[in-house]
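Beneath this line is the structure, given in structure tokens, with notes to follow.
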Amino acid sequence: MNLHDPFTLAMIALVALSLMGLPIGLTMIMASIIYLGLSGQDMSTAAEQVLNGLNGSYVLLAVPLFIFSAGLMNAGSLTDRLLRFCNLLVGRFRGGLGHVNVVQSVIFAGMSGSAIADAAGSGKVQIDMMTKNGAYPASYAAALTAVTAVIGPIIPPSIPMVLYALVADASIGFLFLGGVIPGLLMALAQMGINSWMAHRHDFPISERVPLREFPRLTLEAFPALLMPVILLGGIYGGVMTPTEAAAVAAAYAYLIAAVFYRSLTWRQTYTAVVESARSTAAIGMLIAGALAFNYVITSENIPVTVRGLLAGWEMSKWEFLLVVNVILLVLGCLLEGSTILLVVVPVLVPTAQALGVDMVHFGVVVVVNIMIGLITPPYGLLLFIVAKISEQPLAAVVRDTIPFMLAMIAALMLITYVPELVLWLPRLMGYQG
């Protein structure tokens with residue numbers, strides 16, 4: 001290791017500043033400035049890269065809009081109505097409240113695009129519902145809430161897929177379509193584990209909702225259920241772009257919460273705006289840092305070096321995908337998902353393209369990996385969120401998460417090696433990849 005090399009010193013600065021607790025976005029910007037200064041380049045290049053990247057990426061507008069729509073849905077009464085509707089559908093089976101948790105997350109996934117929004121918004125309601133009268137252990141309810149939230153960014157819309165489209169120059173519309181079947185496959189895997197656990201531990205059968213309640217509960221939930229139809233219908237009908245669809249999602253969420261359900265106050269709206277702005281600022285800083293640091297990586301020809309190294313191993317694309325899965329699952333234990341998407345994935349994309357890996361298939365595999373990382377210790381963010389909400393020890397939540405995690409990794413392998421699970425819907429809608 002050459003300690004006088006600008007790139008080496010920049011990497012040392014990156015690690016040191018991260019260990020000191022500096023936000024990763026600022027850390028990457030500082031490391032980039034250090035690299036530019038030591039290599040004799042104009043340090044304003046870092047700002048130039050950030051501005052060019054942000055101003056030239058219209059698609060990034062979708063991120064704050066999807067965050068805002070999720071905030072509005074959580075502030076209104078949409079979650080409660082969806083839970084009652086899901087209970088009507090699957091609550092009558094053994095382990096039914098666990099199935100309700102999964103189905104609610106599938107429906108919510110079609111509205112928010114964020115795992116954190118799902119867990120933080122409806123997580124407490126779901127956990128309280130499952131633990132009422134001691135029906136389910138609190139740690140199990142928390143673990144299930146964490147793993148079901150993972151579905152959020154896999155089924156469209158999806159904020160991580162927007163970020164992947166930014167770094168891989170892939171079609172957001174086809175990425176969204178590619179996530180539908182894998183997301184449903186994840187949900188089936190989770191319901192299978194929940195059913196097995198319910199029979200093993202003799203979880204109770206919920207009181208059945210009378211079928212005569214079906215029309216009323218369906219009508220109450222119908223406006224919320226209509227959102228995914230409007231979004232996907234608008235995108236694939238050619239009426240709007242994914243970014244415009246995000247704006248429609250926010251407007252529609254406000255309309256049904258404030259006007260139709262009359263459950264959104266001005267104070268709640270203000271809170272949703274403020275929280276969305278904070279989340280957007282955090283993601284924006286991360287993107288800015290990644291744009292600056294990716295210039296450093298490109299200047300050092302790291303993607304070309306990695307591609308040459310992997311080519312020297314003479315791997316097939318299937319072996320490459322296996323290596324990528326292992327790398328991303330390990331990194332998911334240590335790094336935040338957006339950091340992996342914006343810094344690590346751009347290094348892997350050229351090799352994937354050279355080996356003939358479809359970019360939509362690769363994108364869905366990457367996003368599923370990163371979502372599993374949200375529930376892997378020691379830094380699985382969803383684990384910390386649900387442990388705090390449920391007031392359960394983190395170790396207990398992790399223990400109850402393991403069976404679900406293994407099932408989801410099995411589903412990931414299926415998605416990786418049966419590309420048609422990802423590509424069937426996009427090709428049905430005209431994708432030529």
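The values are calculated or read from the model by the stated rules, or taken from the named source; none is laboratory data. This structure is a prediction, so every number in the text was calculated from the model and none was measured. In this analysis, Cβ positions are derived from the backbone assuming ideal geometry, glycine residues included, and neighbour counts consider all displayed protein chains. Only protein heavy atoms, including side chains, enter the accessible area calculation; ligands, DNA and RNA are left aside. Shrake-Rupley method; radii C 1.70, N 1.55, O 1.52, S 1.80 Å.
Take every Cα pair under 8 Å whose residues are at least 6 apart in sequence, average their separation, divide by the length of region 155-256, and the relative contact order is 22 percent. In a reduced charge model with +1 at each Lys and Arg Cβ and -1 at each Asp and Glu Cβ, the chain shows a dipole moment near 1300 debye about its Cα centre. Across region 235-347, Cα pairs under 8 Å and at least six residues apart give a relative contact order of 27 percent.
Value of Rg to Rh for region 136-207, rounded to two decimals, is 1.14; Kirkwood radius and Rg both from alpha-carbon coordinates. Using every pair of distinct Cα positions in region 253-356, the Kirkwood expression returns a hydrodynamic radius of 16.8 angstrom. Accessible area per residue was computed with a 1.4 Å probe on protein heavy atoms; residue 202 scores about 110 Å².
Considering region 88-204 at the alpha-carbon level, its Rg and Dmax are found to be 15.1, 51 Å. So if the hydrodynamic radius of region 151-264 is defined as the Kirkwood radius over C-alpha pairs, what does Stokes-Einstein give as its diffusion coefficient at 25 °C and 0.890 mPa s, in µm² per second? For the chosen part, D equals 146 µm²/s. For the chain, the alpha-carbon coordinates run over 73, 46, 46 Å along the three principal axes, in decreasing order. In the assembled protein chains, residue 99 presents an accessible area of approximately 10 Å² (probe radius 1.4 Å).
Applying a DSSP loop filter and a limit of 10 other Cβ atoms within 10 Å to the GluC sites (Glu not before Pro) in region 318-407 leaves 391. With contacts taken as Cα pairs under 8 Å and at least 6 residues apart, the chain reaches a relative contact order of 25 percent.
Accessible surface computed residue by residue for region 281-433, with neighbouring protein chains in place and a 1.4 Å probe, gives 42 Å² per residue.
Using Cα atoms only, what is the angle between the long axis of helix 266-299 and the major principal axis of the chain, expressed in degrees (0 to 90) to the nearest 10? It works out to around 30 degrees. Highest mean first, the peptides 256-263, 24-31 sorted by other C-beta atoms within 10 Å per residue fall in the order 24-31, 256-263. Among the chymotrypsin sites (Phe, Trp or Tyr not before Pro) in region 285-351, those placed in a DSSP loop whose Cβ has at most 14 other Cβ atoms within 10 Å are 313. Remark: region 188-255 carries 55 Å² of accessible area per residue (probe radius 1.4 Å; ligands, DNA and RNA excluded).
Under a Gaussian network description of the chain, with springs only between Cα atoms under 10 Å, the residue in 92, 267, 212 that fluctuates furthest is 212. Per-residue surface analysis assigns residue 132 an accessible area of about 140 Å², computed on protein heavy atoms at 1.4 Å probe radius.
Might you tell me the accessible area per residue for region 63-107, computed with a 1.4 Å probe and given in Å²?
Computed with neighbouring chains in place, this is 24 Å² per residue.
Counted by Cβ distance under 15 Å from residue 226, the other residues give a net charge of 0, where Lys and Arg count +1 and Asp and Glu count -1. The spacing between region 341-409 and region 254-289, judged by their C-alpha centroids, is 25 Å.
Counting only alpha carbon atoms, the long axis of helix 115-131 and the longest principal axis of the chain meet at about 30°.
Ignoring ligands, DNA and RNA, what percent of the accessible area of region 282-369 is carbon or sulfur (1.4 Å)?
Roughly 69 percent, rounded to a whole number.
If the reach is capped at under 19 angstrom between alpha carbons, list the lysines near residue 388, excluding any in the same chain fewer than eight residues apart. Answer for residue 388, where 19 Å is the Cα cut-off: 124, 132, listed by chain and number. Projecting the Cα atoms of 129, 170, 182 onto the charge dipole of the chain (Cβ charges, centred on the Cα centre) puts 129 farthest toward the positive pole. When the Gaussian network model of the chain links Cα atoms closer than 10 Å, the mean-square fluctuations of 272, 253, 16 top out at 16.
Under a Gaussian network description of the chain, with springs only between Cα atoms under 10 Å, the residue in 269, 305, 280 that fluctuates furthest is 305. Rounded to the nearest 10 degrees, the angle from helix 359-373 to the longest Cα principal axis of the chain is 70 degrees. Taking all protein chains together, 42, 80 sort by accessible area into 42, 80, largest first [probe 1.4 Å]. Accessible surface ranking for 413, 20, 429, 405, 1.4 angstrom probe, highest first: 20, 429, 413, 405.
The residues neighbouring residue 371, those whose beta-carbon lies less than 13 Å from its own, together hold a net charge of -2 under the Lys/Arg +1, Asp/Glu -1 convention. Around the Cα centre of region 316-433, unit charges on the Cβ atoms of Lys, Arg, Asp and Glu (plus for the first two, minus for the last two) sum to a dipole of about 20 debye.
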